Structure formats: C-alpha cells, structure tokens
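The values are calculated or read from the model by the stated rules, or taken from the named source; none is laboratory data. Here the structure is a predicted model, which is why all the values come from computation and not from measurement. Heads up, the Cβs are rebuilt from the backbone with ideal geometry, glycines too, and the neighbour counts pull from every protein chain shown. Each accessible area value is taken on the protein alone, full model and side chains, heavy atoms only, with ligands, DNA and RNA left out. Shrake-Rupley method; radii C 1.70, N 1.55, O 1.52, S 1.80 Å.
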Amino acid sequence: MRLAIPDKLSFVLLAWTCAFLLPWQFNIPFIVLLVLLAFTFNPFKPVTASARTYFSRFTIYAILLVFVLVGVNGLLLREGPVRFRFIVLDFYDAGLTYGLTVSVRLILLSLSVLVFFASTHFQDFAKYLQSLGLPRSFVSIILLSMFFLEQLPHRITQVFTAQEARGAPVRAGIVARSRAFFLILSPLVLSSIVESVERGVALELRGYHLLRTNKDIRQDQPTSRVWRFAFLTLSSIIIILSVIHWLSN
Amino acid sequence: MTLREKVRTELSGSAIPFIAFGIALNLTVGQITIALKIPLYLDSIGTILVAVLVGPYAGIITGSFANLMAAAFGNPTMMFFIPVVIVIGAFTGFLANIGWFKRWYLCVLGGILQGILAAIVSAPISSYLFGGTMMAGTDALVYFFRAMGNNILTSVFYQGLTSDPVDKTVSYLIVFFLVKNLPLRLVSKFKGASNVVS
C-alpha cells in the first residue's frame with residue numbers, strides 16, 4: 001500500500017486537530033497508534049537509517065518531557081487538592097493535569113511531523129512543493145542546502161583541527177574559546193561564500209533566471225484520494241463537534 | 001515594486017547558493033558551540049548573515065527553511081518557532097537596510113532590540129505549546145520566575161528577555177566582524193553590499 005504526500009499531510013492535519021481540540025486522554029491512544037504505524041505500516045516507516053535514529057532520540061526526549069512537565073507543574077501550579085506527596089514535595093492536581101495536557105499535545109504535534117518527514121524523502125517533499133506552485137528557486141535552495149548540510153560538518157571538523165594545530169585556544173577559558181569560535185567560523189564562511197558565489201555564477205550562466213516554468217514537475221502521483229478524503233473528513237468532524245461542545249458550554 | 005517582484009529580485013541565481021549555505025550554517029553551528037563549550041545557541045547566525053548581505057526576504061526564507069529542515073532531520077519542535085525566525089530575518093534585513101551594520105555599537109543596540117523582539121514573539125509559543133519547558137538550560141530561569149509567583153507566559157517572557165538579547169547581540173557582533181573581514185570583492189557580489197560598506 002502507498003500513501004502520497006498529500007495523504008500524509010492530511011494525516012498530520014488530523015493529528016494536529018486532535019492535539020489542539022481533544023482532551024489528553026483521547027490523544028494518548030493516538031500517540032500509541034502513530035508509534036505503531038511508524039514501525040509496522042509501510043507508508044509511515046522511516047525511509048533512511050538516520051530517520052530511524054530520530055525515533056529513538058525522540059522517544060527519550062518525549063519521556064523526559066512528560067516527567068519534567070508533569071513534575072514541575074505539579075509542584076509550581078498550586079491549585080486544587082494535593083494529589084500525592086513525595087518526601088516533602090506536594091504535587092497539586094491542577095498542575096499535574098496541566099503538565100499532562102501540554103506534554104501529550106506537544107508529543108502528538110511533534111510526533112506527527114516526525115513521522116511525516118521520517119517516512120518522506122525531503123527531495124520528494126521539495127518536488128511536491130514545486131508541483132503546488134512554489135517558485136523553482138525555493139526548491140533549488142532546499143536541494144542546495146542538502147548539499148551544504150552534508151559538506152559543512154566535515155568542513156567544520158577540518159577547520160577545527162587545522163586551527164587547533166595552529167594554536168587556537170579551543171580548550172582555554174570562555175573568552176579565549178569565544179575567540180576560537182571566530183577563528184573557526186571565519187575561514188568556514190569565507191570558503192563557503194566563495195563556493196556560493198561560484199555556484200551562483202554557474203546558475204546565472206546556465207540561464208537559471210530565464211527558466212521559470214513548473215509544468216514539468218506537475219506529474220502528480222496516480223493515487224486514489226480516499227485516504228486524503230477520510231483524514232480531512234475526520235478532522236472536519238472533530239472541529240465541528242468541538243465547536244458544538246464549546247457553544248453548548 | 002510588488003512583494004513578489006521584491007522576493008524575485010532578492011532570489012537571483014547568485015543569492016540562492018548563499019541562502020542554502022545560511023540554512024546549513026544555522027543547522028550546523030551548534031557543532032562548533034558544543035565543541036568549544038560556549039553556552040549560547042547562536043543558531044540564527046546564518047539567517048542574520050543572509051539578511052545582511054542579501055536582504056530581509058532572503059533572511060526570512062533562510063530562517064524558515066532552516067527550521068523546516070531541522071524538523072525534517074529529527075527536531076520536529078523547531079517547526080513551531082518559524083514565526084520567531086521570520087521576525088529575526090525581517091528585522092535584521094530592515095536594520096541592515098538602514099545602515100545599522102556599518103557600526104559595531106549600532107549592531108549591539110540592534111542585537112538587544114532583536115532579542116527583545118524575539119522574546120516577545122517566542123513567549124506565547126513557548127508557554128502555550130511547551131508549557132515553558134524547552135528541555136534546555138534556560139528552563140531553570142523559567143522555573144525561577146514561576147517560583148516567584150509569575151504565570152507561565154510572563155515567566156517565559158522574562159526568561160526570553162534575560163537570555164535572548166545576549167544571544168542575539170553576540171550573533172550580530174559575530175556577523176558584523178565576519179562581514180568586515182570579508183574581501184571587498186566578495187562582499188560586492190551581494191545585493192546588500194551597500195548595507196555593510198560605507
């Protein structure tokens with residue numbers, strides 16, 4: 001089974017609708033579902049090895065976030081009865097509920113975005129944006145930044161090692177280290193600007209600014225729109241029910 | 001000149017690779033600050049550099065795409081701060097256009113103003129979406145202000161006012177000195193050359 005990018009985006013929209021409009025008790029099963037989908041359902045599985053590591057990092061982040069948000073708010077938001085006491089610390093009911101609400105909402109919002117990007121090649125996303133009418137220059141920027149993203153960490157390591165060998169104070173006090181920051185950034189920026197200018201000239205010489213059509217990209221994937229329709233309908237129903245609930249209160 | 005034409009003029013062929021570099025710099029500068037153990041984010045240096053040398057729209061695009069790509073590469077929470085980087089790109093471009101990047105003391109003043117503006121825009125996002133907990137060192141400040149009896153929004157705003165002006169002023173000064181040290185023949189290739197050269 002295959003889901004096109006618009007289908008996945010409508011799923012993200014559904015997740016965001018739930019995150020903002022439904023109580024945290026409803027959103028916890030949604031988070032579990034998202035995690036299950038990311039590991040078992042092909043269209044939502046991570047497409048690269050590094051995308052898989054994002055999940056493990058995010059899981060640690062999410063667990064820590066829940067503990068910190070619930071704990072801190074339980075202590076600081078002193079409203080309602082004391083739910084429990086830990087040694088000499090009182091945790092209040094309102095604070096604990098607020099912490100849970102915020103952390104579950106944030107995890108659902110972030111996880112849906114993570115699942116979307118982990119299961120979609122960024123180049124495909126850029127092409128999709130172009131097919132929607134985004135200027136070609138935007139897509140070029142995205143693709144070129146992917147190139148720089150691959151190059152820069154390696155270049156930073158090179159410059160760092162070279163400056164350290166020349167005696168740059170990379171391990172001295174904070175002021176000296178700040179100076180070393182400048183010593184590393186300067187050659188990095190200079191070499192990258194030279195490269196940017198050269199690439200820019202090459203683009204201009206190839207008549208980049210003359211080519212402005214997006215027509216060649218408008219070859220949408222031949223998928224059915226059932227999923228898109230289902231996700232969007234579900235989002236609309238949740239919004240309508242929430243408005244009715246809000247009006248009746 | 002319409003907005004579309006202004007954006008199109010800024011996004012000429014030569015600016016595109018530089019904007020791409022700015023995005024990558026925003027995403028990788030953390031590698032240097034971590035290696036040097038510098039207690040600042042400095043993650044808008046690319047946006048500021050592009051906004052100064054190319055223009056405000058290019059700065060906005062750099063910041064927005066950097067956050068979008070950060071979300072794509074494992075940090076989805078960055079996406080919620082796109083409004084903040086839009087303000088950073090636009091305000092820096094504006095300051096550069098009126099000549100504030102020609103004098104270091106104007107850069108300091110600009111950095112402080114930028115920090116305040118960033119704090120104003122980021123406070124509602126941090127407080128509503130994150131409950132004031134960003135899982136960073138600055139959270140201690142938020143908890144401190146909350147323990148003093150302030151609500152979450154006020155505490156996050158005070159935390160922003162405490163740390164953002166420092167971060168932005170340092171970023172502005174770094175960009176100022178970086179640009180000053182660039183050869184004139186390179187700077188002159190950019191549309192914003194007149195923003196930095198008297």
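May I ask you to say which residue of B:A123, B:A140, B:A118 is open to solvent by 30 Å² or more (accessible area, probe 1.4 Å), assigned to a helix (DSSP H, G or I) and of a type outside the set (D, E, K, R)? Walk me through how you get there before you give the answer.
Details: B:A123 fails: open to solvent by 30 Å² or more (accessible area, probe 1.4 Å); B:A118 fails: open to solvent by 30 Å² or more (accessible area, probe 1.4 Å).
When all the criteria are applied, what remains is B:A140.
The single condition among (1) of a type in the set (S, T, Y); (2) closer than 14 Å to B:P76 by Cα; (3) open to solvent by 20 Å² or more (accessible area, probe 1.4 Å) that A:T101 does not meet is (2). Output yes when any residue across the range A:126-137 is farther than 16 Å from B:Q31 by Cβ, open to solvent by 20 Å² or more (accessible area, probe 1.4 Å) and within 8 Å of another protein chain (Cβ to nearest Cβ), and no when none is. Within the range A:126-137 (the criterion being farther than 16 Å from B:Q31 by Cβ, open to solvent by 20 Å² or more (accessible area, probe 1.4 Å) and within 8 Å of another protein chain (Cβ to nearest Cβ)), the answer is yes, since at least one residue qualifies.
The criterion of at least 2 residues that are at pLDDT below 95 and at the interface with another protein chain (Cβ under 10 Å from one of its Cβ atoms) is met, among helices (runs of 4 or more DSSP H) falling completely within the range B:4-112, by B:15-35, B:45-53, B:56-72. The residues listed here are B:F91, B:F73; of these, the one that is surrounded by fewer than 24 Cβ atoms within 10 Å (Cβ to Cβ) and over 21 Å from B:A136 (Cβ atoms) is B:F91. Under the condition of being at the interface with chain B (Cβ under 10 Å from one of its Cβ atoms) and open to solvent by less than 60 Å² (accessible area, probe 1.4 Å), the residues counted in the range A:173-186 number 9.
Cβ-Cβ distances below 7 Å connect the following pairs, each with a first residue in the range B:126-145 that is on the phi < 0 side of the Ramachandran plot, a second residue that is assigned to a loop (DSSP other than H, G, I, E, B) and open to solvent by less than 40 Å² (accessible area, probe 1.4 Å), and a separation of six or more residues or different chains: B:S126/B:G132; B:D139/B:T133; B:V142/B:G132. Here A:H209 clears all of (1) at pLDDT 75 or above; (2) touching a Gly at 6+ places or on another chain (Cβ under 7 Å); (3) open to solvent by 70 Å² or more (accessible area, probe 1.4 Å) except the condition numbered (1).
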